[in-house]
Amino acid sequence: MIKAIGDIGGGVQPQRERTPVRRQSRAAGRCEGVFWRRTDRQEVRRIVMAARRYELATRQPGARSGALGSIALEILELFANLVDFRSGRLDPSLDTLMRHLKRSRDAIHRALRALRAHGFLDWLRRYVPTGNEGRGPRVQQTSNAYRLALPARALRLLGRYGQAAPMPDDFSHARQSRADELEAHAKSLSLSELPLFVIEDDRLAKALARLGANIDKKRESASQTESPSSFHSMAN
């Protein structure tokens, strides 16, 4: 009787399905705390205004658009209405952008890349669990986490409108408190945990985390080795 392929040679296990998640994606709910930052309506409007002037300044004679394009400006306008000022949260899906803007997926992709290339936008790719317990992928891609930005070359185009108003004392205090919390948390982490918290490049962070774990183990081993001799010295 012919055996099944899996029974030959000690049982060859079927290959696992590749996880349909893009490179450098991070777990949603665990990566945004440091990435997102608090903002306000005035700052967001300055970014939109600077992008409009940047678009005009980079438009060549006879060209229909500048470095960004009209769809990129539409996306910034939409993001200005979607961003949560208190937390900085901004994570609409591509389907949401397509529905609001009535633009194709490819057009939105190109506009997002232009905004990022010229410094008006950054994002983190994210994934979430699928809930699968059997065969099939355990995680799946979800919407990006976006963050608006104002590049220096565009800020100069605003002139006096680019000068930020003094921040309220409560805003400054909250921002300083947040910075102190992040610093205290970073100091509490071990060498194996710290890279995962402060480094955005997942591959580099994991490599440094492994190195840190080895250093932590050597320190712990050295500490355990020294403890008995220290005890005997004190006893004598």
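Here, each number is a calculation from the coordinates, and none is a lab measurement. The model shown is predicted, which means the values in this text are computed figures rather than measured ones. All Cβ positions, glycine included, derive from the backbone under ideal geometry; neighbour counts span all protein chains shown.
Listed values, structure above:
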{"read-out": "Cα→Cβ-extended label distance, 7 Å offset, between SER87 and VAL34, nm", "value": "1.9 nm"}
{"read-out": "5 angstrom amide H check on ARG26, placed H, neighbours 5+ away", "value": "ARG125, ARG126, TYR127"}
